[in-house]
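Right, I'll just put the structure down here and ask away after.
The values are calculated or read from the model by the stated rules, or taken from the named source; none is laboratory data. Note that the coordinates shown come from a computational prediction; the quantities given were computed from them, not determined experimentally. Reconstructed Cβ throughout: ideal geometry from the backbone, glycine too, with neighbour counts over all protein chains shown.
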Amino acid sequence: MINNTNQKGVGLVEVLVALLILALGVLGFAALQLRAMDAAQEATEHTVAMNNARDLAERMRVNRTALSDYKDAINGNVSVDTCIGTNDITTPKNLAIPKCDSTTMAQYDATEILAKTSDHGQTIIIANCVKSTLNCIYVAWGKTNITASDISSCVDTTTGTYVTDSKCLVMEAF
């Protein structure tokens, strides 16, 4: 005959150990989900920055005679809203033709790009590329702060490499 008095509570301990193992698994899965959400947010920020930089680069290509005006307007946070606009919208031709010169168009484009980047909590500037004669479009977000005169929190100005843990994007423009 088996003595059941020595076995009291053993089943309960087994259940508690199983629950502890299950809880550790659930916590691990929750941590994995949080990391996945952080990665998705970072990918979104990067995509928005890339789209804004591409938008600016394309506008600059269209209005090539005003390249230096784009740099001045973006870095100077210019605000112009009088370039496009006519009361005569009866024909597509009137909609497609800007009603301003190339400098004002550059300022208008800069105003739109600056508003888009600001809406997404990003900063955009145009500065000299590191170790190059070209100009680059720099977009930063999060805790990375850049200015037209200081890109060192984004790119190492001696080697041209990204700074570790910086949240920024660099695009060669012209």
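Assuming I126 fulfils every condition listed in (1) surrounded by fewer than 20 Cβ atoms within 10 Å (Cβ to Cβ); (2) closer than 14 Å to A57 by Cα; (3) at pLDDT 95 or above apart from one, which condition is it?
The number of the failed condition is (1).
Tally time: how many residues in the range 131-152 are polar (S, T, N, Q), surrounded by fewer than 17 Cβ atoms within 10 Å (Cβ to Cβ) and in a loop (DSSP other than H, G, I, E, B)?
Residues that pass the stated criteria total 5.
I need the full set of residues from the range 67-83 which are assigned to a loop (DSSP other than H, G, I, E, B) and touching a helix residue (DSSP H, G or I) at 6+ places or on another chain (Cβ under 7 Å), in order please.
N77, V78, S79, V80, D81, C83 - these are the residues of the range 67-83 that are assigned to a loop (DSSP other than H, G, I, E, B) and touching a helix residue (DSSP H, G or I) at 6+ places or on another chain (Cβ under 7 Å).
Kindly list the number of the only condition in (1) assigned to a helix (DSSP H, G or I); (2) modelled with pLDDT of 95 or more; (3) surrounded by fewer than 21 Cβ atoms within 10 Å (Cβ to Cβ); (4) not aromatic (F, W, Y) that fails for A53.
Among (1) assigned to a helix (DSSP H, G or I); (2) modelled with pLDDT of 95 or more; (3) surrounded by fewer than 21 Cβ atoms within 10 Å (Cβ to Cβ); (4) not aromatic (F, W, Y), the lone unmet condition for A53 is (3).
So which of G142, G160, G121 ends up being more than 22 Å from D81 (Cα to Cα), of a type outside the set (D, E) and within 16 Å of the chain's Cα centre (by Cα)? Break it down stepwise before answering.
Values: G160 fails: within 16 Å of the chain's Cα centre (by Cα); G121 fails: more than 22 Å from D81 (Cα to Cα).
When all the criteria are applied, what remains is G142.
Here is a further query. Name the single residue, out of those in the range 145-157 being within 19 Å of G121 (Cα to Cα) and among the aliphatic types (A, V, I, L, M), that is nearest to the chain's Cα centre (by Cα).
Top of the filtered list is I146.
Might you let me know whether the range 70-81 holds any residue that is surrounded by 13 or more Cβ atoms within 10 Å (Cβ to Cβ) and at pLDDT below 90?
yes
Test G9 against the stated conditions and say whether it is surrounded by 10 or more Cβ atoms within 10 Å (Cβ to Cβ) and either within 28 Å of Y138 (Cβ to Cβ) or modelled with pLDDT under 95 (or both).
Working: surrounded by 10 or more Cβ atoms within 10 Å (Cβ to Cβ): no; either within 28 Å of Y138 (Cβ to Cβ) or modelled with pLDDT under 95 (or both): yes.
Against the criterion (surrounded by 10 or more Cβ atoms within 10 Å (Cβ to Cβ) and either within 28 Å of Y138 (Cβ to Cβ) or modelled with pLDDT under 95 (or both)), G9 does not qualify.
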